[in-house]
1. Compute the signed sum of charges (Lys and Arg +1, Asp and Glu -1) over the other residues within less than 14 Å, Cβ to Cβ, of Thr211.
2. Please find the FRET efficiency linking Ser250 to Lys184, where r is the Cβ-Cβ separation and R0 is fixed at 30 Å, and quote it to the nearest 0.05.
3. Using packing as a proxy for protection, rank 96-103, 192-199 so that the peptide with the highest average count of other Cβ atoms within 10 Å comes first.
4. Taking amide hydrogens as modeled 1.01 Å from N in the peptide plane, which residues meet the under 5 Å criterion relative to Tyr206, leaving out close sequence neighbours?
5. Sort 53-66, 224-237 by packing, meaning the average of other beta carbons within 10 Å per residue, with the highest value first.
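What follows is calculated from the coordinates using simple rules that are stated; it is not laboratory data. If you're wondering where the values come from, they're calculated on a predicted model, not measured in any experiment. Positions of Cβ are backbone-derived with ideal geometry, glycine not excepted, and every protein chain shown enters the neighbour counts.
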Amino acid sequence: MASKLSSLALHSLLVLALAALLNLASNSLNLKTYFDTSSFSAKPTHNMTVKLYGSPSSTCTRRVATVLKEKNVPYELIPIDLGKGEHKKPEFTSLQPFGQVPVLKDGDFTIYESRAIGRYIALKYGNQGTPGLIPSPSDFEAWGRFEEAASIEQNNFDPFASGISGEKIFKLMRGGTTDEKRVKELTDTLYAKLEAYEVILSKRKYLAGDTITLADLFHLPYGTMITERLGIDALNSKPNVARWWKDITSRPSWQAVKDGA
């Protein structure tokens, strides 16, 4: 009888021990599920606000500010007074050796050149704000199409829109005289370039496809300057270009910074 009781007691102890082990394993799995973030994409946290050094009215500063707004990245604008030459002082050239705005500081990381900053923001903060501003480099076709569109802006739009702005606005600010012949050449070339834009945009909603990307947003500062400030209606002269231009200029991100970053 005593032997039978001992066997029952031992069996009960084994059952209790097994139940305890199963309960511990279950809790461990729950804890792992709770704490394991490997299945989630990185979600950046802000120990400190991103700092954007630039002039509020600068085209390139507003280009970066637009991307920050699109990606819902809070930022602090550190004003750099270009009229006083603050961009050429050692305090600033220690951040940007060429003495040009803007500069972005994100924690300990400093980066300049507005298009490079835009790419950095879109990649680092990819899981917040507007999706798809820059495709994954692992999607070769989407990446290639994006870089194609970005190259179009930088080589077939910016030199002419910024050149016109330089002649009609920035030269005068520096006490120079506008070269009207040069303005006409640049304007005629821009209209010709937009013929190709019309072909592209007759097949796609945006320059790189049916999703807006940085390549579209990069047009905003100089496009708005020649359209609204100089009255050059090139971006409204062709139906698909006009449709695209209305779309991107109406975005809340641009409306928030178009008059100052």
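1. Working: positive: Arg145, Arg204, Lys205, Arg251; negative: Glu70, Asp139, Glu141, Asp210, Asp216, Asp247.
Local charge sum for Thr211: -2.
2. 0.50
3. Values: 96-103: 18.2, 192-199: 15.2.
Per-residue mean Cβ counts within 10 Å order the peptides as 96-103, 192-199.
4. Thr211
5. The most tightly packed comes first, giving 53-66, 224-237.
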